[in-house]
Amino acid sequence: MKISIVYIANMTTQESAELIHMLLEKNEIEQAETLKRQIFPKTLYKYKKLDSNAINGIIHNSLWLSTPENLNDPYDCLISLNFEQYIEEYFSVHKFEDDFYRFYNVRLTDQEVIEIRNSQNKLEAYQELCAKKSIDKYIQKPADIIRKEIVETLQKNRPSVYLGCLSEICDSILMWSHYADNGKGICIEYSNIPQKSTFPVAYSNRLPTFSLSKKNIPTSFLIKAKDWSYESEWRIVRIDPNNSEKFNQNHKIVAPSRIFLGPRFNQNDKNVIENLRLIADFSKIELVQLKLHYEEFRLV
């Protein structure tokens, strides 16, 4: 799939993000990386409450990576399943006969495999075959129960994912309220973040759909509801394929280039404020005070 430079130039950031995800799913990594380089922001921002975690992150140039269940969006990283499409893919493309042997220690004949693949109702043909071989796992089990079991298995067996959430913008009143202690916190600016593990978030009205044909980074990590589009989010994604309990969630990142102070920053404890100023001075990080505009609903 070749993408012309003219076509890219006419795309919005959101359209580019959607195209990047599609390319990743098709395993067209080089094309995805080329497009990502063209739209990658020079600066990204992290809204934070001013506490010991924020201070330690600034000192050690680190960013805490969260697991999906610890993020504020209950839909984060969830997937949907088109059951009919899944069944069609599983029996037509996937080597289901290998699974059959692994699950039941029974080899299917070539003729049995062909009969299931050629059937109009592949699941029903599979259930009938199980019945003939006295394998009761799928015998007479309703499709909605099977669908539920498949979704639960997919979620359970997914590798652990860790996410560092950043934004293209530093003056969102909503994000100052949601993530920066109602305007008392800070917004850390990072310049020239390494691009390899950082991806744009796309916004949609529908959950991403699982497919056996998707080969690379699961884009469920990179798709959120359109209600969140004001965040203009980019994510650092790290995947632990072994689901290790010792995974280090402190991700090394570039040093902050600037730190924006919220409009209510002076309401913090004086010792905490002084501590931040000393650290910024020592590390040569510029501090920028944001204030409420006198006539408009915006920060300056």
* Structure fact -> Scanning the stretch 72-100 for residues that are surrounded by 16 or more Cβ atoms within 10 Å (Cβ to Cβ) and part of a loop (DSSP other than H, G, I, E, B), the one modelled with the highest pLDDT turns out to be 76
* Asked: Can residue 69 be described as of a type in the set (Asp, Glu) and either in a loop (DSSP other than H, G, I, E, B) or under 22 Å from the mean Cα position of the chain (by Cα) (or both)?
  -> yes
* Asked: Has the stretch 66-85 got at least one residue that is under 25 Å from residue 191 (Cβ atoms) and in contact with a Phe, Trp or Tyr (Cβ under 8 Å, 6 or more places away or on another chain)?
  -> yes
* Kindly list the number of the only condition in (1) in contact with a strand residue (DSSP E or B) (Cβ under 9 Å, 6 or more places away or on another chain); (2) under 20 Å from residue 94 (Cβ atoms) that fails for residue 162. => (2)
* Asked: Here are some conditions: (1) under 18 Å from the mean Cα position of the chain (by Cα); (2) part of a strand (DSSP E or B). Residue 189 meets all but one. Which one does it not meet?
  -> (1)
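Filtering the stretch 45-58 down to residues that are assigned to a loop (DSSP other than H, G, I, E, B) and of a type in the set (D, E, K, R), which residue is nearest to the chain's Cα centre (by Cα)? Outline the logic, then answer.
Step one: of the stretch 45-58, the residues assigned to a loop (DSSP other than H, G, I, E, B) are 49-51.
With of a type in the set (D, E, K, R) added as a condition, the list becomes 49, 51.
Working: 49: 22, 51: 26 Å.
Filtering the stretch 45-58 for residues that are assigned to a loop (DSSP other than H, G, I, E, B) and of a type in the set (D, E, K, R), the one nearest to the chain's Cα centre (by Cα) comes out as 49.
Please work out which residue is farthest from the chain's Cα centre (by Cα), limiting yourself to the stretch 146-167 and to residues that are part of a loop (DSSP other than H, G, I, E, B) and surrounded by fewer than 17 Cβ atoms within 10 Å (Cβ to Cβ). Give the steps one after another, and end with the answer.
Of the residues in the stretch 146-167, the ones part of a loop (DSSP other than H, G, I, E, B) are 157-159.
Next cut, surrounded by fewer than 17 Cβ atoms within 10 Å (Cβ to Cβ) only: 157, 159.
Working: 157: 17, 159: 13 Å.
Among residues in the stretch 146-167 that are part of a loop (DSSP other than H, G, I, E, B) and surrounded by fewer than 17 Cβ atoms within 10 Å (Cβ to Cβ), the one farthest from the chain's Cα centre (by Cα) is 157.
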* Asked: Only one of 287, 276 is touching a residue at least 60 places away in the same chain (Cβ under 8 Å) and of a type in the set (A, V, I, L, M, F, W, C); which?
  -> 276
* Asked: So, of the residues in the stretch 115-145 that are aliphatic (A, V, I, L, M) and within 21 Å of residue 85 (Cβ to Cβ), which turns out to be surrounded by the fewest Cβ atoms within 10 Å (Cβ to Cβ)?
  -> 145
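Across the stretch 189-203, what is the total count of residues that are polar (S, T, N, Q) and out of contact with any strand residue (DSSP E or B) (no Cβ under 8 Å at 6 or more places or on another chain)? Break it down into steps so the answer makes sense when it comes.
Of the stretch 189-203, the ones polar (S, T, N, Q) are 191-192, 195, 197-198.
Going one step further and asking which of them are out of contact with any strand residue (DSSP E or B) (no Cβ under 8 Å at 6 or more places or on another chain), we end up with 192, 195.
Within the stretch 189-203, residues that are polar (S, T, N, Q) and out of contact with any strand residue (DSSP E or B) (no Cβ under 8 Å at 6 or more places or on another chain) number 2.
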* To do: Select from the stretch 8-30 the residues that are charged (D, E, K, R) and part of a helix (DSSP H, G or I) and write down the one among them that is farthest from residue 201 (Cα to Cα).
  => 30
* Could you tell me which residue of the stretch 14-44 is surrounded by the most Cβ atoms within 10 Å (Cβ to Cβ), considering only residues that are farther than 27 Å from residue 213 by Cβ and under 17 Å from the mean Cα position of the chain (by Cα)? => 44
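Conditions (1) closer than 20 Å to residue 172 by Cβ; (2) free of Cβ contacts under 8 Å to residues at least 40 places away in the same chain, marked per residue:
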| site | (1), (2) |
| --- | --- |
| 33 | no, no |
| 36 | no, no |
| 42 | yes, no |
| 50 | yes, no |
| 53 | no, yes |
| 59 | no, no |
| 62 | no, no |
| 68 | no, no |
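So if I check each of 186, 239, 223, which one is out of contact with any Cys (no Cβ under 6 Å at 6 or more places or on another chain), in the same structural domain as residue 48 (by TED's automatic domain parsing), modelled with pLDDT of 95 or more and of a type in the set (A, V, I, L, M, F, W, C)?
On the way: 239 fails: modelled with pLDDT of 95 or more; 223 fails: modelled with pLDDT of 95 or more.
None of the other options fit; the residue is 186.
For every residue, the table says whether it meets (1) within 21 Å of residue 12 (Cα to Cα); (2) surrounded by 15 or more Cβ atoms within 10 Å (Cβ to Cβ).
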{"position": "199", "(1), (2)": "yes, yes"}
{"position": "206", "(1), (2)": "yes, no"}
{"position": "238", "(1), (2)": "no, yes"}
{"position": "250", "(1), (2)": "no, no"}
{"position": "265", "(1), (2)": "no, yes"}
{"position": "276", "(1), (2)": "no, yes"}
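The values are calculated or read from the model by the stated rules, or taken from the named source; none is laboratory data. Not measured: the values here are computed from a predicted model. Glycine also receives a Cβ, built like all others from the backbone with ideal geometry; neighbour counts cover every protein chain displayed.
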